[in-house]
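Novice: Structure in structure tokens, see below.
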Amino acid sequence: MSQTSAPQIPVTVLTGFLGAGKTTLLNRILTEPHGRKYAVIVNEFGELGIDGDLVVGADEEVFEMNNGCICCTVRGDLIRIIAGLMKRRGKFDAIVIETTGLADPAPVAQTFFVDDEVKGRARLDSIVTVVDAKHLPQRLKDSREAEEQIAFADVIVLNKIDLVSAKELREVESVVRAINRFAPIHKARECDVALDKVLDRGAFDLDRILQVEPDFLERQPEDHNHGHDHHDHGYDHDHDHADAPSVLRHNPEVTSVSLRLDKPISQQKFEAWFRRLLAAQGQDLLRCKGILDVQGLDKRYVLHAVHMQVDGKPTSPWKPGEKRLSRIVFIGRKLDAEDLRRGFESCAA
Amino acid sequence: MADPHVTAWELDAPVAALAFARDGTLAIALGDGNLALRAPGERSSPKKIQTHDGAVLCMAADGGDAAFVTGGDDGKLARVAADGAVGTLQTWKGKWVEHVLAPVAGSFRAAAVGKAVHMLGRDGKPLATLEHQGTVAGIAVNPKAKRLATAHYNGVSLWWTHGREQKPKVMNWRGSHIGVTWSPDGEYVVSAMQDMEMHGWRLSDGSDMRMSGYPMKIRAMAWSPQPYFLATSGADRVVCWPFAGAGPTGKPPVELGYARAGAVTSVAAHPKGDLIAAGYDDGVVALARISNREAAFVKPPGGGKIEALAFAPDGKSVAFGTEDGLAGIIDGA
């Protein structure tokens, strides 16, 4: 699509369980003055109460690709709808996709990696997940999707914080952080988060990953001891109220592993390791973001991946005298932190 | 193609589809809901007719009439006569009408709306609703318009067009089928796939054929009746598959036209065959002959990606439309 004259339309994906507050956030996006006109793609069976000129119902048709990658699925309905919306070009500046509460975000994200037409016309801006602070513990227990939606998020809106105690809030936050280490968490009551924290994030823009969240890979998990204290409390709590859900009983299957290396990386070794890793564990690796100090390269090499789909390139130059570091974060199921660390360190030049 | 003459118009909205009625009237369907109509030989700009409240998504000539049927993202199936008279045939509220057919050989119109294909009589009365498991992504009829092929996830379904209750014959092939065409001899059904390849079925024995090697999805397929080839978009040149004799299996395709930096985004075939029009994503239109592989540029770059091409019924001109709202006609093809 080298000659495509139109700019790519930014797309924000809104995920979260039924009742978490997606519709509230969506209505704010549609009504508040921010100078942008949105086209909205909603799921047909979703929450009611969205009105607007450019609201399109989608069917969430997940299609497998025949490209030999078993985890590669796309949303066929989005491909059609985005192509159709482009015929109305000029009538809107951005797209919001609301998914059903039970949707797996991977096919949505992969659509933007795999489909040439979608790639030429639209770009994934970020995946925003609205989490209900009160009901998250129960959701995590009874569904796999709640965990995946948090894992895939670039931005997390921790909503309904007024319905939980300060302690419960800390617990929920630490659980969210244990699953997803790089997404900023914005606390909200009725999704009253500033819209500029949610829109136009450029989370999939390799050039902007650094600018938007310069320390996203530096952020450490919640203080470890802190978490353990609460773990104990949780068990006590359970004795008193046997059926009160506790986040602390949730043993997340999805976790984040954050790695760093202060030696330059051999591009060849890294590519070989990364390729092997994705081939073997791509189904369990939900997302990955990294900034690498590649030997012989004056620029930061930035990459991100969704399952087996990878995008990466050299971006901004290292400043003179700046400490060069390579950092990478994996979010996935059944991650073996030690194995990942050894693999990453073996990429040193 | 000795001295082609290009007349072009800025229509201010993306071109969604092009069609010629049998009398030579050209209709240009636009993303702002208008249909731009041009009588044969007319020199002034095409006349815009407001038809849909939203974007026009699809269009076909309405049988042999001097009229067109259109589908829009307002859920409406409309009929627009060459004189500009607009009528609504049917409305499906909140749905998109994405594909439409009204073959000269048939006495029906077919509209794909979500997971259903609605069959309507020439009088506009509903005949039948053909239900599918998933969204219908393309429709085509056989030469006698007795049968209808629908493309969907994991295969293509074949229906009868008599409008009565029936079960389709489903031809399974894994993956998402995003377009379908029926060969002019009635022998082959060929689908385009999300996986950037095509799949064909020979109907006489149900044998499968795969046509692959494309760097992009195939958005346009056009049959050249003589020599017998299927021309396709989706690569840097026009890829034409030989269907004469035993079909394309084991034979290399013929590649036509110019390899440009971008890709071929649209193709159309001359009604008598051999001559193929190719539109590129940089706005170029070229004409090429399958028999001797000669090619010539007939429209320079610019004006946006070519979205649609159509030959006039007499084969003497070819119309083009772009994503940026430029449309025109190339005479002397």
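The values are calculated or read from the model by the stated rules, or taken from the named source; none is laboratory data. These numbers come from a predicted model, not from an experiment. Here Cβ is always computed from backbone atoms with ideal geometry, including for glycine, and neighbour counts include all displayed protein chains. SASA here: full protein model, heavy atoms, side chains in, ligands and nucleic acids out. Shrake-Rupley method; radii C 1.70, N 1.55, O 1.52, S 1.80 Å.
Novice: Return the total of residues in region B:230-246 being more than 14 Å from chain A (Cβ to nearest Cβ), over 18 Å from the mean Cα position of the chain (by Cα) and open to solvent by 10 Å² or more (accessible area, probe 1.4 Å). Working first, answer last.
Specialist: Taking region B:230-246 and keeping what is more than 14 Å from chain A (Cβ to nearest Cβ), we get B:230-232, B:237-246.
With over 18 Å from the mean Cα position of the chain (by Cα) added as a condition, the list becomes B:237, B:242-246.
This time we only want the ones that are open to solvent by 10 Å² or more (accessible area, probe 1.4 Å), so: B:237, B:242, B:244-246.
Summing the residues that are more than 14 Å from chain A (Cβ to nearest Cβ), over 18 Å from the mean Cα position of the chain (by Cα) and open to solvent by 10 Å² or more (accessible area, probe 1.4 Å) in region B:230-246 gives 5.
Novice: Still on this model: So is B:A310 touching a residue at least 60 places away in the same chain (Cβ under 8 Å), within 14 Å of B:A220 (Cβ to Cβ) and either in a strand (DSSP E or B) or away from chain A (no Cβ under 14 Å) (or both) or not? I'd like the intermediate steps shown before the answer.
Specialist: Numbers: touching a residue at least 60 places away in the same chain (Cβ under 8 Å): yes; within 14 Å of B:A220 (Cβ to Cβ): yes; either in a strand (DSSP E or B) or away from chain A (no Cβ under 14 Å) (or both): yes.
Answer is yes for this residue.
Novice: Moving on. Please enumerate the residues belonging to region B:214-229 that are assigned to a loop (DSSP other than H, G, I, E, B), open to solvent by 40 Å² or more (accessible area, probe 1.4 Å) and more than 14 Å from chain A (Cβ to nearest Cβ). Let's see the steps before the verdict.
Specialist: Narrowing region B:214-229 to residues assigned to a loop (DSSP other than H, G, I, E, B): B:214-220, B:225-228.
Applying the additional criterion that residues be open to solvent by 40 Å² or more (accessible area, probe 1.4 Å) yields B:215, B:219, B:225-226.
Residues satisfying the conditions are B:P225, B:Q226.
Novice: Quick check on B:V239: is it free of Cβ contacts under 8 Å to residues at least 60 places away in the same chain and within 16 Å of B:E307 (Cα to Cα)? Before the answer, list the steps.
Specialist: On the way: free of Cβ contacts under 8 Å to residues at least 60 places away in the same chain: yes; within 16 Å of B:E307 (Cα to Cα): no.
Answer is no for this residue.
Here is a yes/no grid of residues against (1) among the small types (G, A, S); (2) surrounded by fewer than 22 Cβ atoms within 10 Å (Cβ to Cβ); (3) not in a strand (DSSP E or B):
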residue: A:I95; (1), (2), (3): no, no, no
residue: A:F112; (1), (2), (3): no, no, yes
residue: A:E117; (1), (2), (3): no, yes, yes
residue: A:S126; (1), (2), (3): yes, no, no
residue: A:V157; (1), (2), (3): no, no, no
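Novice: If B:R22 satisfies all but one of (1) out of contact with any Pro (no Cβ under 6 Å at 6 or more places or on another chain); (2) open to solvent by 30 Å² or more (accessible area, probe 1.4 Å); (3) away from chain A (no Cβ under 14 Å), what's the number of the condition it fails?
Specialist: (1) is the only condition that B:R22 fails.
Novice: Here are the criteria: (1) in a loop (DSSP other than H, G, I, E, B); (2) open to solvent by less than 20 Å² (accessible area, probe 1.4 Å); (3) not aliphatic (A, V, I, L, M). Tell me which single one B:G200 does not satisfy.
Specialist: Tallying (1) in a loop (DSSP other than H, G, I, E, B); (2) open to solvent by less than 20 Å² (accessible area, probe 1.4 Å); (3) not aliphatic (A, V, I, L, M), B:G200 fails exactly one: (1).
Novice: Quick one: would you say B:H118 is at pLDDT 95 or above and either within 14 Å of chain A (Cβ to nearest Cβ) or in contact with a helix residue (DSSP H, G or I) (Cβ under 7 Å, 6 or more places away or on another chain) (or both)?
Specialist: Values: at pLDDT 95 or above: yes; either within 14 Å of chain A (Cβ to nearest Cβ) or in contact with a helix residue (DSSP H, G or I) (Cβ under 7 Å, 6 or more places away or on another chain) (or both): no.
No; evaluated as a whole, the condition is false for this residue.
Novice: Being under 18 Å from A:T255 (Cβ atoms), in contact with a strand residue (DSSP E or B) (Cβ under 8 Å, 6 or more places away or on another chain) and either of a type in the set (D, E) or free of Cβ contacts under 8 Å to residues at least 40 places away in the same chain (or both) is the filter here; which residues of region A:279-302 pass it?
Specialist: A:D284
Novice: Picking from B:G71, B:G94, which residue would you name as being open to solvent by 30 Å² or more (accessible area, probe 1.4 Å) and either in a strand (DSSP E or B) or within 12 Å of chain A (Cβ to nearest Cβ) (or both)?
Specialist: Numbers: B:G71 fails: open to solvent by 30 Å² or more (accessible area, probe 1.4 Å).
B:G94 is the lone residue from the list that is open to solvent by 30 Å² or more (accessible area, probe 1.4 Å) and either in a strand (DSSP E or B) or within 12 Å of chain A (Cβ to nearest Cβ) (or both).
Novice: Restricting attention to region A:279-322, which residues are acidic (D, E), under 20 Å from A:A348 (Cα atoms) and surrounded by fewer than 19 Cβ atoms within 10 Å (Cβ to Cβ)? I'd like the intermediate steps shown before the answer.
Specialist: Step one: of region A:279-322, the residues acidic (D, E) are A:284, A:293, A:298, A:311, A:322.
Subsequent filtering for residues that are under 20 Å from A:A348 (Cα atoms) retains A:293, A:298, A:322.
The answer is A:D298, A:E322.
Novice: Those residues that are in contact with a Leu (Cβ under 7 Å, 6 or more places away or on another chain), at the interface with chain B (Cβ under 10 Å from one of its Cβ atoms) and under 21 Å from A:D205 (Cα atoms), I need them from region A:74-110; list them, please.
Specialist: Hits for region A:74-110: nothing passes.
Novice: Would you pick out the residues in region B:1-15 that are outside any loop (DSSP other than H, G, I, E, B), hydrophobic (A, V, I, L, M, F, W, C), more than 13 Å from every other protein chain (Cβ to nearest Cβ) and out of contact with any Pro (no Cβ under 7 Å at 6 or more places or on another chain)?
Specialist: B:V6, B:A8
Novice: Another one. Read through the list (1) in contact (Cβ under 8 Å) with a residue 60 or more places away in the chain; (2) open to solvent by 50 Å² or more (accessible area, probe 1.4 Å), then give the number of the only condition that B:P46 fails.
Specialist: Unmet for B:P46, out of (1) in contact (Cβ under 8 Å) with a residue 60 or more places away in the chain; (2) open to solvent by 50 Å² or more (accessible area, probe 1.4 Å): (2).
Novice: Sticking with this one: Please note which strands (runs of 3 or more DSSP E) are completely contained in region B:121-189 and include at least 2 residues that are open to solvent by 10 Å² or more (accessible area, probe 1.4 Å) and over 30 Å from A:D115 (Cβ atoms). Lay out the reasoning, then the answer.
Specialist: Details: elements: B:126-131, B:138-141, B:147-160, B:169-182.
Answer list for region B:121-189: B:126-131, B:147-160.
Novice: Separate question: Regarding region B:121-135, can at least one residue be identified that is in contact with a helix residue (DSSP H, G or I) (Cβ under 9 Å, 6 or more places away or on another chain) and within 11 Å of chain A (Cβ to nearest Cβ)?
Specialist: Yes; the residues of region B:121-135 include at least one that is in contact with a helix residue (DSSP H, G or I) (Cβ under 9 Å, 6 or more places away or on another chain) and within 11 Å of chain A (Cβ to nearest Cβ).
Novice: Would you check if B:D32 is within 14 Å of chain A (Cβ to nearest Cβ), over 18 Å from the mean Cα position of the chain (by Cα) and at pLDDT below 95? Full working, then the answer.
Specialist: Details: within 14 Å of chain A (Cβ to nearest Cβ): yes; over 18 Å from the mean Cα position of the chain (by Cα): yes; at pLDDT below 95: no.
Judged against the criteria, B:D32 is not a match.
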